[in-house]
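A.B. asks: Would you mind keeping the following structure in view while I ask a few things?
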Amino acid sequence: MMKKFKNILTSLLGILLLTVSCQDDDPTVGDLLTPTNLEVTATIVGQDANNPNGDGSGVVNFSASADDTITYRFIYESNQQTDPTGTATFTFSSLGVNTYTVTVIAFGTGGNSTSTTITVDVLATYAPPAELLEKLVGDGSRTWRIKSEQQGHFGLGPVGGVVPTEWYGAQPEEKATVGMYDDRYIFNADGTFTFVTDNTNDDPVTDVSGTVFGRVNLIDDLGGSGGEINGADVENLPYDDFSEAWALIAPGGVETITLTGNGFIGYYTGGSHTYEIFDRSVPNELVLRTTDGNGEFDWWFIITSAEPSENSFQTQYNNLVWEDDFNTNGAPNAANWTYDLGDGGWGNGELQSYTNDANNVIVEDGMLKITAIKDAGGNYTSARLKSENLFEFTNGRVEVRAKLPASQGTWPAIWMLGANFDTVGWPVCGEIDIMEQRGQDKNTVLATVHHPGVSPGAGDSATTALPTSTTEFHNYTVEWTPTTITFLVDDFVFHTVNNDATLPFNADFFLILNVAMGGTLGGDIDPAFTQGTMEIDYVRVYQ
């Protein structure tokens, strides 16, 4: 029987029951039940008395209920979402106020069904910037992947957290066997999103099967079978390539990728299938965040549109010639370290005064801790250790395992200076910065060399994303040979410069460890700053 319902607008709740038409079949067919009393509501995000069509994000949450129902399917044009709880979210991105009709089907036993339609008038105001569109789709289509070689390329943290992978971040290639790294995500200019489950297939036209990775129970949304349960994960779930639709929205001003149906990136988490763009500053990279369907965690992904390069680094130096593991509590080992003391800006407009006081530098719990402190008078103190005249060397591999301070305005550095600095000065002596971090960007580290050909100035420098630099320990390495100087984080090469006889990198250098405040790289200091610490697990030199 066909029933017509008039539009009902409940302004207090912001819930629409609009133009519902329903086909009720005979409620029983033998032992088979057909759903009855199907009702659907639509809640436009941001809708209130002043914004009857929503906040402009175009997001609408649908909820369905019916008697004798096993599952529900929501359909808008070619986009479908199936959910046994009767909930779905669609994002409508056509600019202005537009009317959309969504069909909802309730399924009972034996496939019997009842259907309903609901119409909504929705406002969409966000027009993505051209540079973001170009980054996503290029000249019409662009393929992305999880940046598996990057520390912290996949991980989790608290819902609403702002520190990527705060609770867990995957090591490079850690998830190589679970069915994620061979997936590819293709964003097309026509709004289609293609998920390739195995990019290594010989024939991408006829061979469209692969495996995917996701959260236990939530991944059941995909309807596949098989896979391997490992704790809270399902690994290598067999699944075919598929297509959905994608759109860019900006709820609350946050640029966000939304995918229809069961579209996902990296690790299936259920939920709204929306991915906030946390950072898009690095070329060919995006840092994404999504909340899982349980509302339990935020999941983080680093994706890249560059295919992996051969980056299996092989060191020339394996003989350990010098180390400090910081295993004796108290002051640092005087046989290994001395200090630079005082203030004066250190040539970079820095604000700290360096001391050898235990408040600023101490070994405890197996770590060297260099702490920058703001005193009661608003002045800053810190420490700068060096191996000058104690350990100096030419060529080798230096590896330092460290966790960096998190506060704005701190400028941690692990570096080397030419041993002839006192006689020839800088930059003639040469400088090798194994790791520095800007005070305004705690998700990135940089490596640099300075010599008269590139300095004064920025030097020959490169950066790499490292969103867990302040929450986890990482290995910062330089391989210094007569022909090259190679910089790595967690064995990942991100910067290489040439060396030759014309450069100052063919004589002895000494090590320096410090935390500066403000200055050219530290920038503005957080007014609420009290102290920040760089912790170092070890320093090792191989030749």
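The values are calculated or read from the model by the stated rules, or taken from the named source; none is laboratory data. The model shown is predicted, which means the values in this text are computed figures rather than measured ones. In this analysis, Cβ positions are derived from the backbone assuming ideal geometry, glycine residues included, and neighbour counts consider all displayed protein chains. Surface areas here come from the heavy atoms of the whole protein model, side chains and all, with no ligands, DNA or RNA. Shrake-Rupley method; radii C 1.70, N 1.55, O 1.52, S 1.80 Å.
A.B. asks: For region 439-489, what is the Kirkwood estimate of the hydrodynamic radius, computed as the reciprocal of the mean inverse distance between distinct Cα atoms, to one decimal in Å?
C.D. replies: One over the average 1/r among Cα pairs gives 12.5 Å for region 439-489.
A.B. asks: So what does H450 come to for accessible area, using a 1.4 Å probe and Å² rounded to 10?
C.D. replies: H450 has an accessible surface of roughly 20 Å² with all protein chains in place.
A.B. asks: Semi-axes of region 173-275's equivalent ellipsoid from the Cα gyration tensor, sqrt of 5 times each eigenvalue, largest first, rounded to whole Å?
C.D. replies: Value: 23, 18, 12 Å, ordered largest first.
A.B. asks: Here is a further query. For the pair N327/W167, report the inter-label distance in nm, with labels modelled 7 Å from Cα in the Cβ direction.
C.D. replies: 3.5
A.B. asks: Next question. If you build the convex hull over the alpha carbons only and average its shadow over all orientations, what do you get for region 38-186? Give it in nm² to one decimal.
C.D. replies: 13.0
A.B. asks: Around N514, with a cut-off of 9 angstrom between Cβ atoms, what is the net charge of the other residues, counting Lys and Arg +1 and Asp and Glu -1?
C.D. replies: My count for the surroundings of N514 gives +1.
A.B. asks: If you don't mind, another one. What value in Å³ per residue do you get for the convex hull of the alpha-carbon atoms in region 131-202?
C.D. replies: Taking the convex hull of the Cα positions in region 131-202, it is 135 Å³ per residue.
A.B. asks: Going by the alpha-carbon gyration tensor, a ≥ b ≥ c the square roots of its eigenvalues, is the chain rounded (a/c under 1.5) or, if a/c is not under 1.5, prolate (a/b greater than b/c) versus oblate?
C.D. replies: Verdict is prolate for the chain.
A.B. asks: Below 8 Å, C-alpha to C-alpha, sequence gap of six or more: please give me the relative contact order for the chain in percent.
C.D. replies: RCO, the chain: 11 percent.
A.B. asks: Hey, could you pull the Cα Rg and Dmax for region 384-543, both in Å?
C.D. replies: For region 384-543, the Cα radius of gyration and maximum Cα-Cα distance read 15.0, 48 Å.
A.B. asks: Let me ask something else. Can you tell me how region 340-450 classifies by the Cα gyration tensor, rounded, prolate or oblate, using a/c under 1.5 as the rounded cut?
C.D. replies: rounded
A.B. asks: Evaluate E = 1/(1 + (r/R0)^6) for Q316 and T109, where r is the Cβ-Cβ distance and R0 equals 60 Å; express this FRET efficiency to the nearest 0.05.
C.D. replies: E(calc), rounded to 0.05, equals 0.30.
A.B. asks: What FRET efficiency do you get for V454 and N359 if R0 is 25 Å and r is their Cβ-Cβ distance, rounded to the nearest 0.05?
C.D. replies: 0.10
A.B. asks: Students sometimes get this wrong: rank V212, V162 by accessible area, probe 1.4 Å, all chains present, largest first.
C.D. replies: Ranked list, largest accessible area first: V162, V212.
A.B. asks: Suppose every Lys and Arg Cβ carries +1 and every Asp and Glu Cβ carries -1, with no other charges. What dipole size does the chain come out with about its Cα centre, to the nearest 20 debye?
C.D. replies: 1080
A.B. asks: For region 300-385, what is the largest minus smallest coordinate of the Cα atoms on each principal axis, given in angstrom and ordered from greatest to least?
C.D. replies: Here the spans come out as 52, 35, 29 Å, largest first.
A.B. asks: Note down, for region 256-295, the three equivalent ellipsoid semi-axes (square root of 5 times each alpha carbon gyration tensor eigenvalue), biggest first, whole angstrom.
C.D. replies: Equivalent-ellipsoid dimensions as semi-axes: 20, 10, 8 Å.
A.B. asks: Just add up the charged neighbours of S382: K/R +1, D/E -1, any other residue whose Cβ is under 12 Å from the Cβ of S382.
C.D. replies: With Lys, Arg at +1 and Asp, Glu at -1, the net is -2.
A.B. asks: Once label points are set 7 Å from the Cα along Cα→Cβ at both T423 and N230, what is their separation, rounded to one decimal in nm?
C.D. replies: That separation, rounded to one decimal, is 5.6 nm.
A.B. asks: Eight or more residues apart or on different chains, and alpha-carbon atoms under 17 Å: count the Lys pairs in the chain matching that.
C.D. replies: 5
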